[in-house]
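Written out below as structure tokens is the structure these notes cover.
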Amino acid sequence: MSDKEVILTQDGLKKLEDELENLKSVKRREVAERIKVAIGYGDISENSEYEDAKNEQAFIEGRIITLEKMLRNARIINNDEIDTDIVSIGSTVIVEDLEFGDKMEYTIVGTAESDPLKNRISNESPVGKAILGKQKGTTVDVNVPAGVIQYKILEIKR
């Protein structure tokens, strides 16, 4: 992971800090105990429990490094920075699909926080890119693999 700026909301920052703390204080100990128990089973060259524990340890250490780097390069978006006149990171936006009339609500977040299942979309996603910097009432074209979807921005909230 490069030293790319990571854009986070206050909630996203807290979530990453909590995950990092859990990995360092709980998961590290748990995996160390698993390794210790697996070593007790004897020959580690053919010990699948030892292998699994070592793989988990490597994953945990890698994730810790990733999280620390993300937090070092974090730029925090505060709620009072969110403009309700134009779509920005942190905005919650209601859009209407002009072809089908469906209305959707999205919160625009940085890539580290995106969760499409919870309607938290990245500023780098097709919809995020298309509506970022636009005003209420604007119609935008969103390029998707199936073609182009037109959305009208109905509302911008914090």
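The values are calculated or read from the model by the stated rules, or taken from the named source; none is laboratory data. Given the structure is predicted, the values throughout are model-derived calculations rather than measurements. Quick reminder, even Gly has a Cβ in these numbers, built from the backbone with ideal geometry, and neighbours come from all protein chains shown. In case anyone asks, the SASA skips ligands and DNA or RNA and just uses the protein heavy atoms, side chains included. Shrake-Rupley method; radii C 1.70, N 1.55, O 1.52, S 1.80 Å.
Per the helix-only calculation at 222 nm, which mean residue ellipticity applies to the chain, given -39500 (n - 2.57) for every DSSP H run of n ≥ 4 and division by its residues, nearest 500 deg cm²/dmol?
-11500 deg cm²/dmol, from helical runs alone.
Just to be sure I understand: of the beta bridges DSSP finds with both ends in the chain, what percent are antiparallel, rounded to 5?
75
Please list, by residue number, every one of the chymotrypsin sites (Phe, Trp or Tyr not before Pro) in the stretch 30-64 that is coil in DSSP and has at most 13 other beta-carbon atoms within 10 Å.
Answer by residue number: Y41.
Please compare each pair in K103/K157; K14/K103; K4/K134; K24/K118 to a cut-off of 21 Å on the Cα-Cα distance and tell me which ones are over it.
Among K103/K157; K14/K103; K4/K134; K24/K118, the Cα-Cα distance tops 21 Å for K14/K103; K4/K134; K24/K118.
Only Cα pairs under 8 Å and at least 6 apart count here; give the relative contact order of the stretch 1-148 as a rounded whole percent.
23
Can you give the angle from 0 to 90° between the axis of helix 48-72 and the longest principal axis of the chain, with both taken from C-alpha atoms, to the nearest 10?
Computed tilt is about 40 degrees.
Give me the net charge of G62's neighbourhood, meaning all other residues with Cβ under 15 Å from the Cβ of G62; Lys, Arg count +1, Asp, Glu -1.
In short, +2.
Quick check for me: using +1 on Lys/Arg Cβ and -1 on Asp/Glu Cβ, what's the dipole size of the chain about its Cα centre, in debye to the nearest 20?
Charge dipole of the chain: 340 debye, to the nearest 20.
Near I94, within a Cβ-to-Cβ distance under 12 Å, what is the net charge of the other residues, with Lys and Arg +1 and Asp and Glu -1?
-1
Please give the net charge around K24, taking every other residue with its beta carbon less than 12 angstrom from that of K24, where Lys and Arg add +1 and Asp and Glu add -1.
-3
Mind checking which of I77, L20, N55 is farthest towards the positive end of the chain's charge dipole, using Cβ charges of +1 (Lys, Arg) and -1 (Asp, Glu) about the Cα centre?
I77
With the full set of protein chains in place, find how many percent of the accessible area of the stretch 1-130 is carbon and sulfur; take the probe as 1.4 Å.
The value for the stretch 1-130 is 49 percent carbon and sulfur by accessible area.
In degrees, nearest 10, range 0 to 90: what is the angle between the Cα axis of helix 28-40 and the longest Cα principal axis of the chain?
Tilt relative to the chain: about 30 degrees.
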